[in-house]
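What follows is calculated from the coordinates using simple rules that are stated; it is not laboratory data. Just so it is clear, the model here is predicted, and its values are computed rather than measured. All Cβ positions, glycine included, derive from the backbone under ideal geometry; neighbour counts span all protein chains shown.
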There are 2 protein chains.
Amino acid sequence: MFSKTCEYALRATIFIAQKTKEGERIGIKEIAKGIDSPEHFIAKILQDLSRKGIVQSAKGPNGGFYLDKASMKQSIADIVKAVDGDKVFQGCGLGLKQCSETEPCPIHHEFKRIRKQLFVMLDKSKVGAFTEALENSLTFLKR
Amino acid sequence: MFSKTCEYALRATIFIAQKTKEGERIGIKEIAKGIDSPEHFIAKILQDLSRKGIVQSAKGPNGGFYLDKASMKQSIADIVKAVDGDKVFQGCGLGLKQCSETEPCPIHHEFKRIRKQLFVMLDKSKVGAFTEALENSLTFLKR
DNA sequence: ATAATAAAAGATAAATTAGTCTTTTATTAT
DNA sequence: ATAATAAAAGACTAATTTATCTTTTATTAT
Ligand code: FES
Ligand code: FES
């Protein structure tokens, strides 16, 4: 559904959200461990997320990644869009160059419905909202 | 959502279904034109679909691709599974190694619901069922 | 000022996916 | 039998995605 990069980005951002709520900044090594991702790869990804303002970072001692208030309110959909673009929310299921109402592919109407539901669902999911379940080990970011 | 290979496979199979209903076998060149795909690439893909029994083929003069009765009843979901595997129907949205009920990721329950709807929708869509709309130019396989 | 820390940046490398081109095999019509 | 047709097979190239490693820059505490 999403690229590896995007999957790591989502897990990392949720992980950072949790740590931020606990009041700490978190370093790349711990993030990599916390979400079970390759360390150097998630570093690259976070660099990019930081440039895009999706996560915040501070260099030097006591530095690390964290989320400001606005970032905390971001949705999963926002992050997917920033990383993978909106192909998954807008693109044609059969790969036509443009999903179009006037020249629809055979599955257009049904596919569009599902795509919409996917978007609504991911748009409602705010990164700051998963903390409690994670704390209580009701949900997981690795396994 | 799906790989390029899978998108081409779906369009090609639907295209072949249409031609079969019109009573003709169809060659690779015409398929490539009909669905706007690279000719050699769709050839490779069809080779594979043929080996898997998703489409039927005949060599030599008057040869080409067609669908038998069983293939006509196949669903889009069947083809997606055959080409891309069932990751899109079973895999975790955040990329955990295994989607799991007992150790779910933060979006598991919602994501699972959407994934299920996607499957049901694609499973209901049989390749033989699109012919009429295509004939009447209500739907399209290229643009 | 200096050393330590931690992210940013940059340069490669490996793996996967997408796409192309050539040769071989099977089938049919003459 | 032979030539023509059309898919099957195989070898290769290109592009993209995923991943690794090294160097630089910014920040902090001593
Ligand atoms: S045209 Fe294919 S999904 Fe809209
Ligand atoms: S565990 Fe992530 S979708 Fe089920």
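Overview of values
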{"item": "DSSP H segments from chain B that extend 20 Å or more along their own axis, Cα-based, with Kyte-Doolittle mean of -1.0 or above", "result": "B:4-21, B:108-124"}
{"item": "Cα Rg, Dmax, chain A, angstrom units", "result": "16.9, 57"}
{"item": "At 7 Å out from Cα toward Cβ: A:Lys59 inter-copy label distances (nm, ascending)", "result": "6.5"}
{"item": "Label point 7 Å beyond Cα along the C-beta direction, distances from A:Glu24 to other copies (nm, shortest first)", "result": "6.9"}
{"item": "Loop sites in the stretch B:19-108: trypsin sites (Lys or Arg not before Pro), DSSP, at most 10 other Cβ within 10 Å", "result": "B:Lys59, B:Lys97"}
{"item": "Relative contact order computed over the stretch A:14-140 (Cα-Cα under 8 Å; 6+ residues apart), in percent", "result": "28 percent"}
{"item": "Neighbour cut-off at most 10 other Cβ (10 Å), DSSP loop, GluC sites (Glu not before Pro), the stretch A:37-143", "result": "A:Glu101"}
{"item": "Spatial separation of Cα centroids for the stretch A:59-126 and the stretch B:14-84, in angstrom", "result": "32 Å"}
{"item": "Per principal axis, descending, Cα span of the protein assembly as shown in whole Å", "result": "74, 35, 30"}
{"item": "Other-copy label distances relative to B:Asp36, 7 angstrom Cα-Cβ extension, nm", "result": "4.2"}
{"item": "Cross-link pairs A:Lys116/B:Lys33; A:Lys4/B:Lys73; B:Lys97/B:Lys142; A:Lys44/B:Lys116; A:Lys33/A:Lys126; A:Lys81/B:Lys19 - those with Cα-Cα distance over 27 Å", "result": "A:Lys116/B:Lys33; A:Lys4/B:Lys73; B:Lys97/B:Lys142; A:Lys44/B:Lys116; A:Lys81/B:Lys19"}
{"item": "Summed side-chain charge close to A:Arg113 - residues other than A:Arg113 whose Cβ falls under 14 Å, Lys, Arg +1, Asp, Glu -1", "result": "+4"}
{"item": "Where no second cysteine Cβ lies under 4.7 Å, the cysteines concerned in chain B", "result": "B:Cys6, B:Cys105"}
